[in-house]
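> Got a structure for you, written out below as structure tokens; questions coming shortly.
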């Protein structure tokens with residue numbers, strides 16, 4: 001049971017990282033990036049192609065290539081969608097047109113994945129030393145350590161970025177009062193671009209870390225993304241710390257459900273989880289406790 | 001916020017200009033031509049058109065939600081599947097005829113839509129949209145696993161036996177046409193109704209809607225329930241028109257394609273627009289059956305192009321024309 | 001309604017409102033009487049909009065009571081206030097660009113109409129007459145502001161100044177007990193403002209409570225019977241237009257603000 005909880009937490013941290021990407025974009029531009037999964041999946045495939053088969057690049061090089069691809073695609077996607085975002089839009093609280101446009105991007109990315117890579121299922125492991133140990137009966141592997149380290153780095157990095165740098169302050173300003181921020185001379189576009197690029201990086205990181213456990217195919221990343229979305233809903237789309245809490249909850253709950261109940265109904269379970277979270281924690285699980293939102 | 005697609009569709013609406021054919025008159029002529037098509041076309045094309053018309057109903061459910069509610073749903077396949085399987089199961093298991101099945105399908109759509117949208121009724125539309133992602137993704141697993149009821153991977157067969165003696169292809173076509181007609185007429189009536197005015201005001205000015213008695217949770221529930229009801233009804237019609245219901249007609253991708261169809265139809269609730277959207281999502285996969293992987297790319301591009309044209313290119317062109325007129 | 005109740009109007013007593021430590025309204029008590037046009041003025045940041053939002057139910061005041069004809073409004077959300085007879089206009093015209101002018105005005109009747117969902121889809125005889133009746137009332141409201149000629153124009157082609165009057169018609173069509181106007185002259189040029197002043201003077205009625213929040217002094221002085229002045233969330237002066245005009249404190253508050 002404890003090992004289930006532990007495994008769930010580890011995977012949950014990855015959902016959290018991906019969810020933070022979604023929250024970054026929503027906070028700064030009030031839109032949902034439905035292409036998050038497809039872009040991350042595309043990048044994972046790039047790593048696969050670069051590091052295996054004919055190319056045989058070292059893993060790190062492959063990852064750098066994938067990160068560049070993701071950043072490039074995300075940057076391009078943002079610039080394409082930017083004209084559709086109406087910054088002075090105060091009438092509706094979400095940028096629906098821009099959200100629909102992200103679906104267009106998602107479709108194209110999915111299409112490219114299908115076209116170039118087909119419906120193969122491949123395995124893409126991390127180049128980690130095979131190491132494991134046991135603590136209080138729970139198996140701890142090098143993979144778990146890697147996930148913990150990366151998560152800590154990501155969270156610390158984001159915290160420093162948002163709390164201490166000028167870009168971070170601009171991000172916080174645009175997130176709460178975009179019109180006022182623009183009037184004060186802040187470049188709203190730069191903040192948006194930062195959110196998209198950061199989100200793409202987070203997506204790739206999360207995807208590469210989760211693929212060793214789920215194998216890589218045209219659909220695994222999409223399914224993984226549903227868990228990230230669930231984490232963002234539970235944590236609240238306005239809360240970055242909430243994503244961490246939400247991610248861990250989704251990870252543990254999914255693991256328990258898959259083991260004790262029925263793995264083939266995982267999507268239905270996530271739907272039920274989302275609806276229950278909306279009913280009992282509207283706006284996110286952390287939204288009641290703290291007055292100001294991060 | 002005035003979405004470019006809706007503005008473009010709006011400017012096509014004639015407000016009683018004398019001497020020109022109104023869009024409504026053109027539509028009536030189009031419907032009459034449509035109604036005569038089975039006599040001219042081969043069975044294959046009649047069947048394809050039946051599917052187009054049924055898909056048009058499903059597209060209307062997405063267009064309605066965006067136009068009257070400003071919300072996106074990528075989970076309409078859930079309600080469509082409900083309507084389709086309702087018809088199939090009632091007919092194959094209990095011998096209940098299609099018209100009753102279709103009403104059950106529509107009612108099931110409304111009910112499940114209400115239950116689904118209830119938890120997020122007070123929240124921003126982003127929560128609704130993300131929840132529809134989950135809704136859309138869980139359909140195949142439910143349909144596959146509950147195989148005792150749904151026939152699993154192979155699905156169920158729906159006998160087009162509404163009018164004895166008439167060829168099944170012809171029946172399917174006219175049922176689909178009638179279904180689309182009923183939906184379009186009902187929506188046209190709805191627009192001028194008390195709630196239609198309320199929804200169209202809330203869409204652009206939620207505070208104003210509240211100020212005159214329409215609470216926002218009610219807006220959300222109403223618009224989603226109608227949309228899901230239309231999807232359920234459309235699913236029922238699709239079941240009859242295609243004779244088979246199986247899980248791969250109701251995947252998550254189906255929902256996204258419906259959204260593409262809605263965008264291409266400029267979110268209009270007019271019959272012509274819905275049929276154009278339906279044609280786009282029915283014919284493209286047909287014509288590209290050899291290169292199936294390119295279909296999502298084409299759809300993604302089409303979605304982008306249409307949104308760009310309507311939101312950026314057309315308004316810019318209109319502004320340029322106005323400037324030129326002002327200078328003259 | 002008894003004489004006593006009818007005379008009540010809209011009352012606000014000891015209204016307190018704060019946001020995260022900032023006191024926006026302090027102990028504001030105002031009585032808006034029927035048959036009077038009551039103005040609410042003050043420099044920017046004085047709390048006029050916040051107070052207005054408390055009256056409409058958009059904000060919930062921390063303490064104090066608001067009541068209409070003796071019916072307590074605390075905790076009553078805007079849709080329910082509409083049913084009690086409160087109507088309002090908006091600083092930025094809040095009409096639907098997708099509806100025609102008369103359809104926009106018809107929405108003003110929403111709270112009092114009885115048609116339900118059945119009527120929305122099926123042409124039942126009851127629903128047909130309800131739609132006709134509503135349209136007739138809406139055209140009448142448009143006539144009261146002189147706009148029945150453009151009833152069937154789509155709202156998105158009508159000039160913004162004219163749309164203000166359409167909004168006014170929408171607010172009046174349901175024969176409200178209290179009409180709350182949020183900066184009705186905002187964005188209007190001087191001739192449009194004069195037309196608005198004439199229209200507002202025409203619609204004032206002995207049993208109608210009219211509240212106007214405004215910056216435009218010409219409009220306030222011309223149409224108001226009573227003016228209340230807010231500054232830093234507190235009521236600093238109340239009286240007739242002449243009294244306010246000659247009030248030294250009010251002049252200081254305004255001239256002081258203009259110096260910044």
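> Using a Gaussian network model of chain C with C-alpha springs under 10 Å, which one of C:237, C:120, C:111 is most mobile by mean-square fluctuation?
Checking each option, the largest mean-square fluctuation is seen for C:120.
> Now for a different question. As a footprinting exposure proxy, order B:299, B:291 by other Cβ within 10 Å, with the fewest listed first.
Starting with the residue having the fewest Cβ neighbours, the order is B:291, B:299.
> Right, here's the next one. In Å and from the alpha-carbon atoms only, list the Rg and Dmax of segment A:199-294.
13.8, 42
> Another question, then. Among C:241-247, C:178-184, B:112-118, B:149-155, how do they line up from the highest to the lowest mean number of other beta-carbon atoms within 10 Å?
C:178-184, B:112-118, B:149-155, C:241-247
> Average partner chain C-beta neighbours within 10 Å, per residue of C:54-64?
Mean partner shielding for this stretch: 1.
> Could you tell me the largest-minus-smallest coordinate of the C-alpha atoms of chain A on each of the three principal axes, in descending order and whole angstroms?
Principal-axis extents of the Cα atoms in chain A, largest first: 55, 46, 36 Å.
> Another question, then. Highest mean first, how do B:206-216, A:6-16 rank when packing is the count of other Cβ atoms within 10 Å averaged over residues? List each step's numbers first, then the result.
Working: B:206-216: 23.2, A:6-16: 24.7.
Output ranking for B:206-216, A:6-16: A:6-16, B:206-216.
> For peptide B:287-300, what's the mean number of Cβ atoms from other chains within 10 Å of each residue's Cβ?
Partner Cβ neighbours, averaged per residue: 5.
> Let me ask you something else. Comparing C:188, C:200, C:249, which has the greatest mean-square fluctuation in the GNM of chain C with Cα pairs linked when under 10 Å apart?
C:249
> Would chain C count as rounded, prolate or oblate if I go by the C-alpha gyration tensor, calling it rounded below 1.5 in a/c and otherwise prolate when a/b exceeds b/c, oblate otherwise?
Since a/c reaches 1.5 and a/b is larger than b/c, the shape of chain C is classed as prolate.
> For the protein assembly as shown, state what percent of all Cα-Cα pairs lands in each successive 20 Å bin, counting from 0 Å until the bin that includes the largest distance.
It works out to 14, 42, 33, 11, 0, in whole percents.
> Oh, and also: Which shape class applies to segment A:174-226: rounded if a/c is under 1.5, otherwise prolate when a/b exceeds b/c and oblate if not, where a ≥ b ≥ c are the square roots of the Cα gyration tensor eigenvalues?
Details: a/c = 4.77, a/b = 3.60, b/c = 1.33.
Prolate.
> Another question, if that's okay. Please give, to one decimal in nm, the separation of the simple spin-label points placed at residue A:258 and residue C:207, each 7 Å out from Cα toward the Cβ.
Placing both labels 7 Å along Cα→Cβ, they lie 6.9 nm apart.
> Quick one: angle between helix C:248-259 and the longest Cα principal axis of chain C, in degrees between 0 and 90, rounded to 10, please.
Roughly 80 degrees, rounded to the nearest 10.
> Hey, another quick one. Using the alpha-carbon atoms, what tilt in degrees (0 to 90, nearest 10) does helix A:142-164 show relative to the longest principal axis of chain A?
Taking Cα atoms only, the helix is inclined about 10 degrees.
> Connecting C-alpha atoms closer than 10 Å in a GNM of chain C, tell me which of C:169, C:77, C:46 has the biggest fluctuation.
Most flexible of the set in this elastic network: C:77.
> Here's a follow-up. Sort C:168, A:124 so that the residue with the fewest other Cβ atoms within 10 Å of its own Cβ comes first and the one with the most comes last.
On the way: C:168 26, A:124 19.
The fewest-first ordering by Cβ neighbours comes to A:124, C:168.
> In Å, what Rg and Dmax follow from the Cα atoms of segment C:123-260?
When restricted to Cα atoms, segment C:123-260 yields Rg and Dmax of 18.5, 64 Å.
> A further question on this structure: By its C-alpha gyration tensor, with a ≥ b ≥ c as the square roots of the eigenvalues, how is segment B:22-287 shaped: rounded for a/c under 1.5, else prolate for a/b larger than b/c, else oblate?
Cα axes put segment B:22-287 in the oblate bin.
> Could you state the angle between the C-alpha long axis of helix A:96-117 and the longest principal axis of the C-alpha atoms of chain A, as a value from 0 to 90 degrees rounded to the nearest 10?
30 degrees
> For the pair residue A:153 and residue A:189, what calculated FRET efficiency results from E = 1/(1 + (r/R0)^6), where r is the Cβ-Cβ distance and R0 = 25 Å, to the nearest 0.05?
Efficiency, from the Cβ-Cβ distance: 0.35.
> Still on this model: Once you put a point 7 Å from the Cα of residue C:29 and another 7 Å from the Cα of residue A:182, both along the Cβ direction, what distance in nm separates them?
Between residue C:29 and residue A:182, the label points sit 4.5 nm apart.
> Still on this structure, I have one more. Averaged over its residues, how many other protein chain Cβ atoms are within 10 Å of peptide C:168-177's Cβ atoms?
Partner-chain Cβ atoms within 10 Å, mean over residues of C:168-177: 1.
> Please work out the FRET efficiency for the pair residue B:29 and residue A:120, using the Cβ-Cβ distance as r and a Förster radius of 51 Å; give the result to the nearest 0.05.
0.50
> With r defined as the distance between the Cβ atoms of residue C:153 and residue B:318 and R0 fixed at 22 Å, what FRET efficiency is calculated, to the nearest 0.05?
Working: r = 18 Å, r/R0 = 0.83.
The pair residue C:153/residue B:318 has a calculated efficiency of 0.75.
Computed from the coordinates by the stated procedures, all read-outs in this text should not be read as laboratory data. This structure is a prediction, so every number in the text was calculated from the model and none was measured. Glycine also receives a Cβ, built like all others from the backbone with ideal geometry; neighbour counts cover every protein chain displayed.
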